[in-house]
Amino acid sequence: MSPSEIVKKVREFDGVCFTSTGMRDAGQSDFKNRHRIYDLKTLAPHYNQMGLFSSECHGGARWHVGVMNRKESPFEEIEIYRELMPNVLLQTLVRETNLWGYRPYPKNVIEYVVSKVDIDVWRCFSFLNDIRNMKTVAEVVMNRGKLFEPAISFTEVEWATNEYYLKTVDEIISLCSGTNEIILCIKDMAGVGSPKRIYSLVDCIKQKYPELVIHYHRHTTDGLALPAYLAAVQAGAKIIDVEEDSLVRFYGQPPIMSTYSYLKESGINVHLNIRAVHEAIQTVRNWIRHYEWAESPFKGFDYFVTKHKMPGGAFPSSFEQAQKGGFLHLMPHILKLMSLYNRIVKYFDVTPGSQITWVTCSGIINRYAKEKGEAGVTHIIRLLEKFVEEKKCKFEEMNENEKQELLDLFKNAPGDFKNLLLGLYGKLPVGWPDDWVYQSTFADEWKEKIASRVDASPLEHIEEEDLEKAREELKEKISRLPSEEEFILYLMHPKDAVDMINFREQYGDAPIVLPTNVFINGLKNPGDKVEFTFSEKPYTLELVSIGKEHDGIIHVVMEVNNKTRVYKVETPRAKKKEIRFAKGTNELGSPINGNLWRLGNPKRDPIKVGDIYHKGEEIANLEAMKMETPLLAPFDCIIKEICVNINESVVENQLLFVLKPL
């Protein structure tokens with residue numbers, strides 16, 4: 001069916017259809033995107049009979065985490081689902097100019113990637129509701145004859161009125177030349193819309209555009225998802241998002257059977273095969289226990305989400321990062337700070353906005369905790385409560401000491417926060433922050449930075465990438481010609497794509513064929529075994545013995561299809577490296593814990609000893625918590641020593657470069 005035929009069919013349907021997010025957002029919101037293809041594909045035969053509008057099985061952060069952690073390619077995942085559920089529309093989630101990444105890509109990269117990915121329904125959102133940013137994705141998707149689903153990012157704040165959203169919808173309708181070939185999504189990514197508010201918004205849109213098909217996406221976090229769904233449907237929404245009851249925790253979508261029963265009891269016709277739904281729910285119960293470790297340490301619904309607005313997809317990953325960083329106990333304070341921050345800098349906390357908010361606010365709280373302990377954390381929150389709630393963000397009404405502290409607030413802000421203020425993601429939904437925010441972020445250069453701020457879409461000012469040069473770079477890194485799919489993965493996530501390609505070169509299809517309990521935990525005791533089928537051949541692996549460690553080496557004896565094999569395993573102690581820290585003014589240290597994914601200025605040849613770098617020029621780039629932080633030369637200098645390697649994990653203040661001033 002063509003997009004217009006699909007839209008016409010849904011428009012004429014008497015009732016409501018479901019999109020299942022069980023293969024994508026359910027795992028992202030409650031299980032840190034760790035659900036494996038091995039398990040999710042067991043749902044496909046049931047989905048094929050369920051009568052769904054679509055399966056959201058692709059995109060979002062699942063793409064990146066699949067490459068980075070699960071060592072799975074989103075291309076092989078789609079190929080598997082195509083074969084197992086041919087009756088189902090496959091749906092992805094993309095972030096306009098960011099696609100499945102966290103930074104704006106050049107127009108030619110977006111065109112190339114979107115034209116190559118085999119997806120039926122393309123849900124596309126902007127965390128700034130800057131509809132200009134959707135232009136390239138919309139053009140490529142619609143020209144391919146695929147269904148484009150533009151999404152408006154929704155939140156409940158004083159400035160996000162019906163008038164504001166209608167203006168955004170107007171821009172979408174203009175971009176897509178009408179309502180006959182698109183479906184509009186209202187993306188309530190944090191689950192903050194009250195039933196009354198959602199009814200009002202859907203009704204308002206339908207009154208102006210009665211032919212527009214509306215798809216309401218909702219998270220459960222505030223506990224009001226089911227009445228909000230009923231309100232949306234009663235106001236005219238035709239599609240809503242659900243997941244299997246056995247997958248539901250606290251931050252994903254509502255349970256499919258509960259939603260079905262509630263709507264049916266309210267007199268709403270629901271297009272669904274209940275027998276297939278029951279089978280899918282039971283199928284999840286067969287393997288979901290393997291992922292208990294991936295659930296968020298914070299349990300229960302959280303109505304306070306209506307204040308801090310942390311979206312469902314960012315909840316578990318932020319807790320995981322806090323746990324790894326040793327500051328999980330500070331999470332309540334970080335969330336409180338977020339509820340104040342998002343009234344100072346106004347945008348939607350959905351990727352990459354949620355990462356920018358999270359990294360910025362967690363950095364502030366951690367800085368106060370390190371410098372002044374719990375009293376310092378309490379102090380900064382009280383200061384911002386006074387500024388936001390009492391003084392209504394009027395900088396001039398704070399006393400001189402308070403003003404100075406506010407001017408220090410963003411001094412260590414990440415690079416992506418700075419890029420946001422400079423307009424490099426697009427225009428903010430209701431205007432730029434006050435001048436003091438720029439002064440706090442850019443210090444003495446704040447006026448020049450405001451003057452350099454851009455109002456154009458990134459599609460207009462980001463230089464095109466030399467795709468053939470990028471392909472040659474990947475060829476050099478993996479020592480062979482990359483496949484088309486590998487090249488696209490590299491365009492999205494260069495470091496993690498190379499890591500995954502190397503992993504799959506060494507371990508083959510282990511991420512696809514090994515049962516989850518073994519893939520996660522391994523074989524631990526002599527006699528433990530695993531059986532699986534690969535390329536239609538049966539295999540049996542049995543652990544015979546694990547030797548003692550000697551000089552960082554352990555010998556492991558395995559029976560592979562009844563043949564004894566010995567494997568040498570290196571432990572972390574096999575290669576020790578002493579960490580050097582920056583001390584003098586000519587030694588440049590890492591500002592954060594992170595991964596050094598780029599060395600040198602990307603517009604120049606690879607950095608080497610003897611190169612001259614000028615003040616403010618990018619000398620390296622670090623990634624942490626999915627955000628990039630550029631490291632700039634502090635003065636005109638010659639590179640005297642490069643102390644780290646590309647893709648190396650570094651700690652705060654670890655020595656990266658020794659510089660010689662010019």
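The values are calculated or read from the model by the stated rules, or taken from the named source; none is laboratory data. Computed from a predicted structure; not experimentally measured. Glycine gets a Cβ as well: all are built from the backbone with ideal geometry, and neighbour counts include every protein chain shown. Surface areas here come from the heavy atoms of the whole protein model, side chains and all, with no ligands, DNA or RNA. Shrake-Rupley method; radii C 1.70, N 1.55, O 1.52, S 1.80 Å.
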**Report entry** the stretch 416-482 and the stretch 54-75: distance between their alpha carbon centers, rounded to Å
**Finding:** 25 Å
Query raised in the report: Given labels modelled 7 Å from the Cα in the Cβ direction, how far is it in nm from LYS603 to ARG580?
Result: 3.0 nm
Requested in this report: Please identify which residues in the stretch 493-533 have an amide N closer than 14 Å to a label point set 7 Å out from the Cα of VAL569, following the Cα→Cβ vector.
Outcome: 518-529
Report summary line: Taking Rh as the Kirkwood radius computed over alpha-carbon pairs of the stretch 298-380 and applying Stokes-Einstein at 37 °C with viscosity 0.692 mPa s, one gets a diffusion coefficient in µm² s⁻¹ of 255 µm²/s
Query raised in the report: Once Lys and Arg get +1 and Asp and Glu get -1 on their Cβ, which of LEU89, GLY584, TYR251 lies farthest toward the positive end of the dipole of the chain?
Result: GLY584
Query raised in the report: Taking the Cα centre of the stretch 30-143 as origin and charging only Cβ (+1 Lys, Arg; -1 Asp, Glu), how large is the dipole, in debye to the nearest 20?
Result: 380 debye
Requested in this report: Determine the distance separating the Cα centre of the stretch 108-174 from the Cα centre of the stretch 1-48; give it in Å without decimals.
Outcome: 19 Å
Report task. Grab the beta carbon distance between GLU279 and LYS167, set R0 = 35 Å, and tell me the FRET efficiency rounded to 0.05. Result -> 0.20
Report task. Could you calculate the contour length gain from GLU390 to THR533, that is, 0.36 nm times the residue separation minus the distance between their Cα atoms, to one decimal place in nm? Result -> 45.0 nm
Query - Given charges at Cβ of Lys, Arg, Asp, Glu: the chain dipole, positive-most of SER73, VAL233, PHE534 - result: PHE534
Query raised in the report: How far is it, in nm, from the label point at ASP466 to the one at SER452 when both lie 7 Å from their Cα along the line to the Cβ?
Result: 2.4 nm
Requested in this report: Run the dipole for the stretch 582-662 about the Cα centre, Lys and Arg Cβ at +1, Asp and Glu Cβ at -1, nothing else charged, and hand back the magnitude in debye, nearest 20.
Outcome: 120 debye
Report task. Just report the Cα centroid separation between the stretch 231-261 and the stretch 632-662, whole Å. Result -> 51 Å
Query raised in the report: In the stretch 513-527, which residues have a backbone nitrogen under 14 Å from the label point lying 7 Å from ILE553's Cα in the Cα-to-Cβ direction?
Result: none
Query - Equivalent-ellipsoid semi-axes of the stretch 305-451, from the Cα gyration tensor, Å, largest first - result: 22, 19, 14
Requested in this report: Binning at 5 Å from 0, report for the stretch 386-508 what percent of all alpha-carbon pair distances ends up in each bin.
Outcome: 2, 9, 14, 13, 11, 10, 9, 9, 8, 6, 5, 3, 1
Query raised in the report: Restricting to lysine pairs 8 or more places apart or on different chains, what number in the stretch 315-403 have Cα atoms under 15 Å apart?
Result: 7
Query raised in the report: Quick one: if you take sqrt(5λ) for each eigenvalue of the C-alpha gyration tensor of the stretch 564-619, what semi-axes come out, biggest first, whole angstrom?
Result: 34, 17, 11
Requested in this report: Choose one of HIS550, ALA497, ALA633: the residue whose Cα lies farthest towards the positive end of the charge dipole of the chain (beta-carbon charges +1 Lys, Arg; -1 Asp, Glu; about the Cα centre).
Outcome: HIS550
Query raised in the report: Per residue and in Å³, how big is the convex hull formed by the alpha-carbon atoms of the stretch 1-74?
Result: 110 Å³
Query raised in the report: Which of the lysines could be linked to LYS469 by a straight reach, that is with a Cα gap under 22 Å, when you skip same-chain ones fewer than 8 residues away?
Result: LYS107, LYS116, LYS477, LYS495, LYS603, LYS608
Report task. Under 15 Å from a label point 7 Å along Cα→Cβ of ASN561: give me every residue in the stretch 521-544 with its amide N that close. Result -> 531-542
Query raised in the report: Hey, which aspartates and glutamates would be in cross-link range of LYS8, C-alpha to C-alpha under 18 Å, not counting anything within fewer than 8 residues on its own chain?
Result: ASP120, GLU149, GLU181, GLU211
Query raised in the report: When we measure straight from the Cα of LYS41, which aspartates and glutamates land under 16 angstrom away, once same-chain ones fewer than 8 places off are left out?
Result: ASP25, GLU56, GLU72, GLU76, GLU77, GLU79, GLU83, GLU243, GLU244, GLU279, ASP509
Query raised in the report: Once fully extended, how much extra length lies between GLU211 and GLN323, figured as 0.36 nm per residue of separation less the alpha-carbon to alpha-carbon distance?
Result: 35.6 nm
Report summary line: For the chain, percent of DSSP beta bridges that are antiparallel (nearest 5) comes out at 60 percent
Report summary line: Quick note, the stretch 90-229: a/c under 1.5 would make it rounded; otherwise a/b > b/c is prolate and the rest oblate (a ≥ b ≥ c, C-alpha gyration tensor); here it is prolate
Query raised in the report: Can you work out ³J(HN,Hα) from phi for every residue in the stretch 120-130, in order, using Karplus 6.51 cos²θ - 1.76 cosθ + 1.60 and θ = phi - 60°, giving whole Hz and x for Gly and Pro?
Result: 8, 10, 10, 7, 10, 10, 10, 6, 10, 6, 8
Requested in this report: Take the solvent-accessible surface of the protein heavy atoms, probe 1.4 Å, and return the percent of it on the chain that carbon and sulfur atoms account for.
Outcome: 49 percent
Query raised in the report: Any idea of the accessible area per residue across the chain, 1.4 Å probe, to the nearest Å²?
Result: 42 Å²
